[in-house]
Amino acid sequence: MSKNKQLNIAGKDYHSRLLVGTGKYKDFAETRAAIDASGAQIITVAIRRTNIGQTAGEPSLLEFLPPEEFTYLPNTAGCYSADDAVRTLRLARELLDGHNLVKLEVLGDPRTLYPNVIETIAAAKVLVKDGFDVMVYTSDDPIIAKQLEDIGCCAVMPLASLIGSGMGILNPWNLQIIIENAKIPVLVDAGVGCAGDAAIAMELGCDGVLMNTAIASASDPIMMAGAMRKAIEAGRESFLAGRMPKKLYSASPSSPTSGLITSG
Amino acid sequence: MIIFINGNVKQFDNEKMTISALVVTLNLTEKRLAIEKNGEIVPRSQFSEAKLQDGDKLEIVGAVGGG
């Protein structure tokens, strides 16, 4: 948890605390419009086999989202072992000309997409040693989050709920413990369903939120992207402003108690 | 010669070929790619010298939309 005005990841400042994925959109034009509306500076991409039969001149994601304009965050989505994740990110580094900032995620179950933290830890060790700046997706287990920090990851990204579920923050208490323990940025990654969820994550003291489906699968992705940008900003300011204490009732009304008109 | 590209068998008439030549043959010159040959990354700067041999296994990847 940090009270810095900007989000600092691996030594670089970002004014936007909303990180977005680039998957599941109707086309690249919609992807671009949604990302512009979100104000995000860091965008995730997946690394996949090139379609060899592809016709030349077919548009690519990189043309719509030039790497000069955004910070690319290549991910290891779809990897189920540490070896596959490491191999994918080494290819990503070559693809993006030595770019070191990456999102590590190693999944454990294709049905739920729940992370495999044992493989994640193994991959994180190799990647950190190999000079990568690792933003790591993990479960909301405070002990694992701390271990990933100790390995040398540059940000820890616990889930709010399962990838693509839109269930929101299911265990704010665990997130709070992770945030309290961490000296590196904590970002909620996965599970956010609506702008309210994003605001709650920020009010808990998260440094940022990473999302894809909540925007891409909204009825109006571009409007939702704007809503998310505002929610992240509002949630952050609400956190910094410091909320009033909760109490069951208050003997102190907001309006003056004197000067009331009375009968008789 | 036969080269395995992204898990598929591809037959080429050439007896000798560099990765650069392959990229041209596959119509991929405009694409931003990373290539792994037999499990080892071949840096783009070495495409023109990297020779292919019969039976080589290549992975050719790019960036796509993802979360």
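Taking the stretch A:1-99 and the strands (runs of 3 or more DSSP E) fully enclosed by it, the elements with 1 or more residues that are of a type in the set (D, E, K, R) are at A:12-14, A:42-49.
Taken over the stretch B:2-13, the criterion of being more than 8 Å from chain A (Cβ to nearest Cβ) and either in contact with a helix residue (DSSP H, G or I) (Cβ under 9 Å, 6 or more places away or on another chain) or charged (D, E, K, R) (or both) is satisfied by B:I3, B:F12, B:D13. For the stretch A:92-107, the set of residues classified as open to solvent by 10 Å² or more (accessible area, probe 1.4 Å) and either facing chain B (nearest Cβ under 9 Å) or touching a residue at least 60 places away in the same chain (Cβ under 8 Å) (or both) consists of A:R93, A:E94, A:L96, A:D97, A:N100, A:L101, listed by residue number.
In the stretch A:232-241 there is at least one residue that is open to solvent by less than 10 Å² (accessible area, probe 1.4 Å) and assigned to a helix (DSSP H, G or I).
So, of the residues in the stretch A:17-52 that are touching a Lys or Arg at 6+ places or on another chain (Cβ under 7 Å) and buried (at least 24 other Cβ atoms within 10 Å of the Cβ), which turns out to be nearest to the other protein chains (Cβ to nearest Cβ)? Among those residues, the one meeting the criterion is A:T44.
crowded, with 17+ Cβ neighbours inside 10 Å, modelled with pLDDT of 95 or more and touching an Asp or Glu at 6+ places or on another chain (Cβ under 7 Å) - does that describe any residue in the stretch A:146-155? Scanning the stretch A:146-155 turns up at least one residue that is crowded, with 17+ Cβ neighbours inside 10 Å, modelled with pLDDT of 95 or more and touching an Asp or Glu at 6+ places or on another chain (Cβ under 7 Å). Among the conditions (1) assigned to a loop (DSSP other than H, G, I, E, B); (2) touching a residue at least 40 places away in the same chain (Cβ under 8 Å), the only one that A:M167 does not satisfy is (2).
Restricting attention to the stretch A:61-83 and to residues that are small (G, A, S) and within 27 Å of A:G208 (Cβ to Cβ), the residue that is most open to solvent (accessible area, probe 1.4 Å) turns out to be A:G78.
Would you confirm, using the coordinates I've provided, whether A:L162 is in contact with a Phe, Trp or Tyr (Cβ under 9 Å, 6 or more places away or on another chain), touching a residue at least 24 places away in the same chain (Cβ under 8 Å) and within 30 Å of A:N100 (Cα to Cα)?
Details: in contact with a Phe, Trp or Tyr (Cβ under 9 Å, 6 or more places away or on another chain): yes; touching a residue at least 24 places away in the same chain (Cβ under 8 Å): yes; within 30 Å of A:N100 (Cα to Cα): yes.
When the stated conditions are applied, A:L162 passes them.
The set of residues in the stretch B:14-67 that are buried (at least 16 other Cβ atoms within 10 Å of the Cβ), more than 7 Å from chain A (Cβ to nearest Cβ), free of Cβ contacts under 8 Å to residues at least 40 places away in the same chain and over 30 Å from A:A29 (Cβ atoms) comprises B:M17, B:T18, B:I19, B:A21, B:L22, B:K37, B:V42, B:F47, B:A50.
The values are calculated or read from the model by the stated rules, or taken from the named source; none is laboratory data. Please read all numbers here as calculations on a predicted model, not as lab measurements. Heads up, the Cβs are rebuilt from the backbone with ideal geometry, glycines too, and the neighbour counts pull from every protein chain shown. All accessible areas refer to the heavy atoms of the entire protein, side chains included, with ligands and DNA or RNA removed. Shrake-Rupley method; radii C 1.70, N 1.55, O 1.52, S 1.80 Å.
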